[in-house]
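Since the structure comes first, as structure tokens, the remarks are kept for the end.
The values are calculated or read from the model by the stated rules, or taken from the named source; none is laboratory data. None of these values were measured; they are calculated from a predicted model. With ideal geometry, Cβ positions are generated from the backbone for all residues, glycine too; neighbour counts draw on all protein chains shown.
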Amino acid sequence: MENVGEVVGETVSVGKYASKPYECWFYLYSKFADRIELMQSGFVYEVLEGIEGDRCYGIVETSTIETDQNILTATLSRRRGLSTTAIKLRITRQSGLDAPVKDKCKVKIADPDIVKKAYNIPDEGIPIGIFALPSGCPPNAPVVKLKPEYVLGKEGAHLNVGGKSGWAKTAFALVLCKAILSDPVYSQNTTVIAFNVKADDLLWPDKKNPLLTDEDKKYYNLMGISPEPFEKVNLYAPESSDGEGVNSLREDAKPFSWEWIDVKDQLHYCIAPEDWNERLEAILVDLAAEDAKEFREIESLLRRWLNEAESPAGRGWAHGHHSATIRKTLRIISSGIMQRYKGLVCGNSDPLGVKDLVKPGFLNVIDISRLRAPAQRLVIGKVVSDIQSFLEKTEERCVVYLADELNKFAPVKAKEGPIAGIKAILDDIAERGRSIRSILLGIQQYPSQTSNAILGNVATSIYARMKPTELDASIYRGYPREKKLMIQGLRKGWVLVDHDEFNDLVLIRFPRPPCAQSRPQ
Ligand SMILES: Nc1ncnc2c1ncn2[C@@H]1O[C@H](COP(=O)(O)OP(=O)(O)OP(=O)(O)O)[C@@H](O)[C@H]1O
Ligand SMILES: [Mg+2]
């Protein structure tokens, strides 16, 4: 870092600039007063207090150039012969001591090692980017890493990326997946399952990114990751409705299709919320207990039940269900699921199997972008519940679910029914996943609209540029105003990281993903 080790100022503890535990003020010596880069939030200093057994680090929280001439500032500027440029530091002490910092202690620019100590950035771990200040990465900036046990369990888990559309959220998630799957230890037991829910930005993980710049490659080099696309990739998509191929832009994706037996326990996820009621739930439970393998068998069974109910002897009832419920169920299954989702169900392809999806070191992409929302819910619900049952029986695997538009599947509020159902399984991952190694890597534009259970259990929140209205939400209440303003102005490729183990929010710079995000020309 520039002028590393140089003493640039002195702590002051007077009036409104009084030191308190965890915060103190210092002023820059007059010869540094023009060095505005020293006032950037996130800049790190060491305060030379000289207390034995302790070292005192300060991260710039805010700074001020006072213009009102009250007695105190006037006196200060006369005595010290400089304008009152004061910098507020957030203090962490190596010893854990939480006493205020003394007055008139020298303050020096920290070296990269101290930067890591001040933020508590570990030496080893999963690299997510390069430490940055708002003006750019300082020379010799450290690589920011996360301890794997705080990303993939068991100490902490889950990561959420929030930000405006087009501000490199998916790009960040892809870089993180590359970092996880490049780790020689973690790639041995970890697999990523990505749901491509919109457009095609997750469909080209095995293709080179033609937009990579030399700067991006430099970052990859620093992070110790290859800028080459993912090597171990599996692409899956539902069979197309005519049974002739796959319902995806990636024509080489492996098609899959499910029958009644595969999805009978998850079918509720794809019912329209307005159709959902207890009577429908009851009949679906009874149908699941029937000895049937194919949707066609269930369709015939329902027709038989309907005939029975409508016969004089049935008096409107059959097998404990009213004819109206049976008719509605027949409509939902026959002209709803079987026809509208033809290909995803009732096709010729094999079902999507758990064994294929948990191969270590692989990035599995399931393309559901061409499916309607209810069918997307069915795929996510089915895959997640199968994988969860698998993970409960083994200690040796870790599954990372990359879920875009997470707030659509796990909104803050969901009434009973299919959306509440899918939200419940995602909440369950957030709550229990840490111990069974089932990890959420969520992406969404508006984190404030995402389930509290998820946000509450996330060990790392990543913020790309966001709208002020989003930052007004209560979940951001704990952040200083300066950081919120910073988030509103972040450039592409820059994010602010809030991680359980870090002492403060860390600004990082990350490269473009190692793979294409749109169809290569
Ligand atoms: N590290 C980076 N530096 C600069 N630009 C980047 C970086 N990563 C991605 N981009 C660019 O940002 C654009 C948007 O990226 P991306 O699709 O990941 O955004 P997004 O936030 O996921 O958008 P959406 O919400 O629409 O899905 C792309 O054009 C991409 O090339
Ligand atoms: Mg995206």
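Residues are listed down the side, and each one gets a yes or a no for (1) assigned to a loop (DSSP other than H, G, I, E, B); (2) of a type in the set (D, E, K, R); (3) modelled with pLDDT of 95 or more:
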| site | (1), (2), (3) |
| --- | --- |
| Val192 | no, no, yes |
| Leu203 | yes, no, yes |
| Asp206 | yes, yes, yes |
| Leu211 | yes, no, yes |
| Glu215 | no, yes, yes |
| Tyr219 | no, no, yes |
| Leu222 | no, no, yes |
| Pro227 | yes, no, yes |
| Asn234 | no, no, yes |
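Of all residues in the stretch 164-180 being assigned to a loop (DSSP other than H, G, I, E, B) and within 6 Å of ligand 1 (Cβ to nearest atom), which is nearest to the chain's Cα centre (by Cα)?
Of all residues in the stretch 164-180, those assigned to a loop (DSSP other than H, G, I, E, B) come to 164-168.
So of that shortlist, the ones also within 6 Å of ligand 1 (Cβ to nearest atom) come out as 165-168.
Values: Ser165: 15, Gly166: 16, Trp167: 14, Ala168: 12 Å.
Out of the qualifying residues, it is Ala168.
Which members of the stretch 121-146 meet the condition of being closer than 19 Å to Ser187 by Cα, crowded, with 19+ Cβ neighbours inside 10 Å and of a type outside the set (Gly, Ala, Ser)?
Ile126, Pro127, Ile128, Lys145, Leu146
Looking only at the stretch 465-511, how many residues end up being within 17 Å of the chain's Cα centre (by Cα), among the acidic types (Asp, Glu) and closer than 21 Å to Glu149 by Cα?
Selection size over the stretch 465-511: 3.
Looking at Lys232, is it of a type outside the set (Val, Ile, Thr), surrounded by fewer than 18 Cβ atoms within 10 Å (Cβ to Cβ) and closer than 25 Å to Lys467 by Cβ?
Values: of a type outside the set (Val, Ile, Thr): yes; surrounded by fewer than 18 Cβ atoms within 10 Å (Cβ to Cβ): yes; closer than 25 Å to Lys467 by Cβ: no.
Criteria not met by Lys232.
Is it true that Gly347 is over 22 Å from Glu259 (Cβ atoms) and not in a strand (DSSP E or B)? Steps first, answer last, please.
Details: over 22 Å from Glu259 (Cβ atoms): no; not in a strand (DSSP E or B): yes.
Here the answer is no, as Gly347 does not meet what is asked.
Run Ala199 past the list (1) of a type in the set (Gly, Ala, Ser); (2) more than 16 Å from ligand 2 (Cβ to nearest atom); (3) modelled with pLDDT under 95 and report the number of the one that doesn't hold.
Result: Ala199 passes all but (2).
Quick one: in the stretch 472-521, of everything that is among the polar types (S, T, N, Q) and more than 16 Å from ligand 2 (Cβ to nearest atom), which residue is surrounded by the fewest Cβ atoms within 10 Å (Cβ to Cβ)? Give the steps one after another, and end with the answer.
Narrowing the stretch 472-521 to residues among the polar types (S, T, N, Q): 474, 488, 503, 517-518, 521.
Imposing the further condition that a residue be more than 16 Å from ligand 2 (Cβ to nearest atom) reduces the set to 474, 488, 503, 521.
Working: Ser474: 7, Gln488: 14, Asn503: 17, Gln521: 5.
Checking each candidate, the answer is Gln521.
Does Leu441 count as outside the structural domain of Glu278 (by TED's automatic domain parsing), more than 16 Å from ligand 2 (Cβ to nearest atom) and within 20 Å of Gly381 (Cα to Cα)? Let's see the steps before the verdict.
Details: outside the structural domain of Glu278 (by TED's automatic domain parsing): yes; more than 16 Å from ligand 2 (Cβ to nearest atom): no; within 20 Å of Gly381 (Cα to Cα): yes.
Spelling it out, it is not the case that Leu441 is outside the structural domain of Glu278 (by TED's automatic domain parsing), more than 16 Å from ligand 2 (Cβ to nearest atom) and within 20 Å of Gly381 (Cα to Cα).
Tell me yes or no: at least one residue of the stretch 140-162 is more than 12 Å from the chain's Cα centre (by Cα), more than 16 Å from ligand 2 (Cβ to nearest atom), in the same structural domain as Asn221 (by TED's automatic domain parsing) and of a type in the set (Val, Ile, Thr).
The answer is yes, given that some residue of the stretch 140-162 is more than 12 Å from the chain's Cα centre (by Cα), more than 16 Å from ligand 2 (Cβ to nearest atom), in the same structural domain as Asn221 (by TED's automatic domain parsing) and of a type in the set (Val, Ile, Thr).
Name the residues in the stretch 19-30 that are modelled with pLDDT of 95 or more and of a type in the set (A, V, I, L, M), would you?
Answer for the stretch 19-30, where residues must be modelled with pLDDT of 95 or more and of a type in the set (A, V, I, L, M): there is none.
Restricting to the stretch 125-158, name every residue that is among the β-branched types (Val, Ile, Thr) and either part of a loop (DSSP other than H, G, I, E, B) or away from ligand 1 (no atom under 16 Å from the Cβ) (or both). It would help to see each step written out before you state the result.
Taking the stretch 125-158 as the starting set, the residues that turn out to be among the β-branched types (Val, Ile, Thr) are 126, 128, 130, 143-144, 151.
Those that are among the β-branched types (Val, Ile, Thr) and either part of a loop (DSSP other than H, G, I, E, B) or away from ligand 1 (no atom under 16 Å from the Cβ) (or both): Ile126, Val151.
Quick one: Val161 ticks every box in (1) within 16 Å of ligand 1 (Cβ to nearest atom); (2) crowded, with 18+ Cβ neighbours inside 10 Å; (3) more than 24 Å from Arg377 (Cα to Cα) except a single one, so which number is it?
The number of the failed condition is (3).
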